[in-house]
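Below: one structure, written as C-alpha cells.
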Amino acid sequence: MFLQGIANFIDALMGGFQLVGLAMLVGGIVWAMSVLRVGVAESSSPAGTLRLAARVLRWGALLLAGAQALKIITKGLVLMATLGTLPLADYAATVQFEAGGLRLLLALAAAAAAGWIAASPQSLLRWRIGGAIAAAVVISGGWLVHAVGRFEERALLMQLTVLHQLAAAVWVGGVVQLLALWRESRHDCALREFWPEAVARFSPVGMVSVVVLVVTGVVLANNYVGSWQGLFGTGYGSLVAAKVVLLAVTLGFAALNFSAGRAWRRYRGTTSDSSKRQLPGSGKLPAVVARVPYYIEAESFLLVAVLFVAASLSSLPPAIDIPRSSAQLSEVLAMFEPKLPSLVTPSHTNLLAGEAERLAIVGRVASKAATDWSDYNHNIAGLFLVGMGAFALLSFLPRMAWARYWPLGFVMLGVFLFFRSDAETWPLGPIGFWESTFGNGEVLQHRLATLLCFALGVVELRIRKAGRRESGDPRYAFAVLCALGGLLLVTHAHTPFELKTDYLIQSTHLVMGLLATMMAVGRWLELRLAEVESPGWSRAAGLFSVGAMLCIGLVLVFYKEPLV
C-alpha cells in the first residue's frame, strides 16, 4: 500500500519524461541531417555544433532509458500491490513489458551510439547508424499506445500514432537543439554567428512537422474521441482539448520564429559586413530576431506541457469507449459559472464523520460537510489569488511600489493549504504524514502544491523586493515553479474510470493547469524581454501573466463541487 498510492502519479510523470527523451533523441538526428547538414561539405556549420548535437542526443537517450526502466518497475509494483505477489513470468509475457523492455534496450543502444558519434561527429555513416537505432526506438513505441487494444483498424492507428509521435519529436527535439546552441553561442563566436542561420534552417523542418502533427492528430482524435460531448465530457477528451489549446499558443510563437528566420535571411542579403552579424540582442539585428531566443524558450515551456499532457492520455480510456460515463457540456460549463463564494466552514468533527461514505468504493456518497469544506478551501484560495492579482496590477502603476509585495499572499496561501488540504490527514486528521503522503497519490500532489505555494511566495517576494538589483537564475524561479504547478494540475489525479463528479472536479484543475502554464510563460518573457530593451513587450508579457493568475483565482472563487 505504501507505493501503490503514488504509482500512477510516478507512471504519468515518467511517461512525460519518456516523450521528452524521445524528442531529444529523434530530434537530434533530424537536426544533424537537416540543419547542420552533416556530410555536406558546403553546409557552413561550425564543427562544434555536431558535437553539441550528439551530446544532447545522448542525454535524451539516457532520459528515455531511465524513464522507461522506472515505468516498467512501477507497473510491476502496482501489480504486486494489487495481487499480493508479483507473477514475474506472466508480467514478462505482457505486451507492455516486452515492448517497454525492447525500447529500454534500444534507448541504451542509442546512448552508446551517441557517444560513438561524438568521437567523430563529421562521420555521416555514424549519424546514419544512430538514425537507424532512433527509428527502431520510435517504431517500438507503436506497441505502447492505445491502438494496440483496438479491434478495428489497429495497424492503421498504430502507424498514425507512431507518425504523430515522430512529428512531435522532430519539432520538440529541434527546439531543444536550438536552446542548447543558443546557450553555447554565448561563449563561442562561431556558434554565435551561426545561431540565426540555424533558426532559419529549422523553420521549414518545424513547419512540416507541425502539418504532420496536426493532420495525424485530427484523425486520431476522431477515432478516440468521436464527438463534442466526448471532447468536453471525459477525462480523455479534456486532455485532448488541452493539447489543442497549448499547441495553438505554441504555434503563435513558432510563427514569430519563422518570421524572424526570414527577416534574418533578408538582413544577410542586404549587408556584406560580417561584423553586423552579432548575437541577437546586441541591437544590430532586426528587433524581432533579437527576441527570438526568448520566444523559443517560451515555446519550450509549452511543448513540454504538451508532452506531459500526451503522456497522461495513455492512462485514460478513449472517450469513444465510455459514452455513458461522459458528462454533458452544460454540466462542465456549470463548474465555471459565477457563484457566490462559501465563507463559512463546517467543523472538523463533522468533516471526519462523513469520511467513510466519501471514501467508499461501493455506495460512495460525499457528505455535506466534506462538500462544504472543499468549497470553502477552493473559494478562499481563489480570493487569495484575486487579491494578489489586484495588487500585482497596481504594481505596474507609478508610485505604487508598495504593491510589489503581493507575492506575500502565496506564503499566506501556503499556510492556509497546509492546514486545510486533506484535513483527514496530518496535521489535523488521524492519518499520519508519511502514510497519507506516500499512500495516496492525490494527497502527495496536494502536499507538493502546498510546498510550491511557499516557494513561490518566498522566492518571488525576494525578487520583487530587490527589483533590478537582483540578477541571475533566481529571477526565473517563479516562472519555473508556475510551470511545475501547471504540470501537477494538468496531470492531477486522473484515474482510468473516474466518476462523473470526479471528472467535473478535474475539469477545473485542468483549466487552472493551463492557466498556470500561461502564467509561467508570461512571467518568463517579462523578464527575458526586458534584457533586450523591449519594455513594451516586457510589460505586455507581465500583464498577461497577472491576467492568467486572476483567471485562476476566479475559477477557484466560483468553484462548487457538483451535486450529481
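The values are calculated or read from the model by the stated rules, or taken from the named source; none is laboratory data. Please read all numbers here as calculations on a predicted model, not as lab measurements. Virtual Cβ from ideal backbone geometry, glycine too; neighbours counted across all protein chains shown. Ligands, DNA and RNA are stripped out before the accessible areas are found, and what is left, the full protein with its side chains, is counted by its heavy atoms. Shrake-Rupley method; radii C 1.70, N 1.55, O 1.52, S 1.80 Å.
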### Message
Show me, for the range 181-191, the HN-Hα J-couplings you get by feeding each phi into the Karplus relation (A = 6.51, B = -1.76, C = 1.60, θ = phi - 60°), rounded to Hz, glycine and proline as x.
### Response
5, 4, 5, 5, 5, 5, 10, 9, 5, 5, 5
### Message
Among Val386, Val555, Phe419, which residue has its Cα furthest toward the positive end of the charge dipole of the chain, with +1 on Lys/Arg Cβ and -1 on Asp/Glu Cβ?
### Response
Val386
### Query
What whole-number value in cubic angstrom gives the convex hull volume per residue for the C-alpha atoms of the range 79-205?
165 Å³
### Dipole axis of the chain (+1 Lys, Arg; -1 Asp, Glu on Cβ), positive-most option in Leu456, Trp373, Ala334
Leu456
### Task
Using label points projected 7 Å from each Cα along Cα→Cβ, tell me how many nm separate Arg51 and Glu435, to one decimal.
5.7 nm
### Query
What order do you get for 555-561, 212-218 when each peptide is scored by the mean count of other beta carbon atoms within 10 Å, highest first?
555-561, 212-218
### Query
In the range 288-320, which residues have a backbone nitrogen under 18 Å from the label point lying 7 Å from Arg186's Cα in the Cα-to-Cβ direction?
290-301
### Residue-normalised accessible area of the chain, expressed per residue, 1.4 Å probe, Å²
45 Å²
## Note on the structure
Rounded to the nearest 10 Å², the 1.4 Å probe accessible area of Met80 is 80 Å²
### Query
In whole percent, how big is the carbon plus sulfur part of the accessible area of the chain, probe 1.4 Å, protein atoms only?
68 percent
## Note on the structure
Descending packing, highest mean Cβ count within 10 Å first, for 396-404, 15-23, 69-77 is 15-23, 69-77, 396-404
### Task
Kindly identify the chain as rounded, prolate or oblate by the Cα gyration tensor criterion: order the square roots of the eigenvalues as a ≥ b ≥ c, call it rounded if a/c is under 1.5, otherwise compare a/b with b/c, prolate if a/b is larger, else oblate.
oblate
### Message
Pairs of alpha-carbon atoms within less than 8 angstrom and 6+ residues apart define the contacts here; what relative contact order does the range 1-133 have, in percent?
### Response
33 percent
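Report, in debye and to the nearest 20, how large the dipole of the chain comes out about its Cα centre when Lys and Arg carry +1 and Asp and Glu carry -1 on their Cβ.
Details: 44 positive and 33 negative charges, 414 e Å.
The calculated dipole for the chain is roughly 1980 debye.
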### Task
Take every Cα pair under 8 Å in the chain that's 6+ residues apart, average their separations, divide by the length, and report that relative contact order as a whole percent.
15 percent
